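To keep things clear, I will list the structure first and then write my remarks on it.
The values are calculated or read from the model by the stated rules, or taken from the named source; none is laboratory data. Just so it is clear, the model here is predicted, and its values are computed rather than measured. Glycine also receives a Cβ, built like all others from the backbone with ideal geometry; neighbour counts cover every protein chain displayed.
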Amino acid sequence: MKRLRAALPLLLLILAGIVLFASGAFARLHPEHLVAHQRELHTQIIEHPWLSRLVYVGVLTLATATGVPGTIVVILAGGFAFGVVDGTLTSSVGLTMGSLILYLASRYAFGSGSKHPRPSSRNCTTASNATRSATRCSCASCRWCHSGW
């Protein structure tokens, strides 16, 4: 049960990716569709500049975090819709947020790994098993020397 709870963020991201891909949202971002509706798209961006950028960053964040194929199409659509400079900036924000969400979900699911790496032989004095508990090592912050490794 504990492993399932740890993997829940990744499972939710996979489910969101399946829903996003199955909804056909990427079909509306296809280059032919964007060219056909260019005038409508630009009027919506002019009428709602912040909302359109926020929605774009949200879609790109979700596409990046879920790993669905077609993220490059979303990036190119942002450049087409917002221009080169503004499209680059908003794409950078969306890609960074999506990568951060995926990283945090993976870290939560799989753990952060070992907190203290195993010391090398230079940093730690080794002793036989009989005298190991009485021996102090030069790396007093770790427990590797005295843990039975």
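When Y108, Y56 are checked against the criterion of being modelled with pLDDT under 85 and within 20 Å of the chain's Cα centre (by Cα), Y108 stands alone in meeting it. Among the conditions (1) surrounded by fewer than 20 Cβ atoms within 10 Å (Cβ to Cβ); (2) under 25 Å from the mean Cα position of the chain (by Cα), the only one that V68 does not satisfy is (1).
Here S138 qualifies as farther than 25 Å from A16 by Cα and modelled with pLDDT under 90. The residues in the range 25-36 that are modelled with pLDDT of 85 or more and either surrounded by 13 or more Cβ atoms within 10 Å (Cβ to Cβ) or within 20 Å of the chain's Cα centre (by Cα) (or both) can be counted, and the count is 0. Filter the range 39-52 for residues that are without any contact (Cβ under 8 Å) to a residue 24 or more places away in the chain and closer than 14 Å to G78 by Cα; which is surrounded by the most Cβ atoms within 10 Å (Cβ to Cβ)? Going through the qualifying residues, I end up with Q44. Only one entry of A6, A63, A22 meets the criterion of being part of a helix (DSSP H, G or I), among the small types (G, A, S) and buried (at least 16 other Cβ atoms within 10 Å of the Cβ), and that entry is A63. Scanning the range 1-38 for residues that are farther than 26 Å from G79 by Cβ and among the charged types (D, E, K, R) turns up K2, R3, R5. Out of the residues in the range 89-105 meeting the condition of being modelled with pLDDT under 90 and buried (at least 16 other Cβ atoms within 10 Å of the Cβ), tell me which one is nearest to the chain's Cα centre (by Cα). Among them, the one singled out is L102. Filtered by the rule that a residue be aliphatic (A, V, I, L, M) and surrounded by 15 or more Cβ atoms within 10 Å (Cβ to Cβ), the range 78-88 gives a lone residue, A81.
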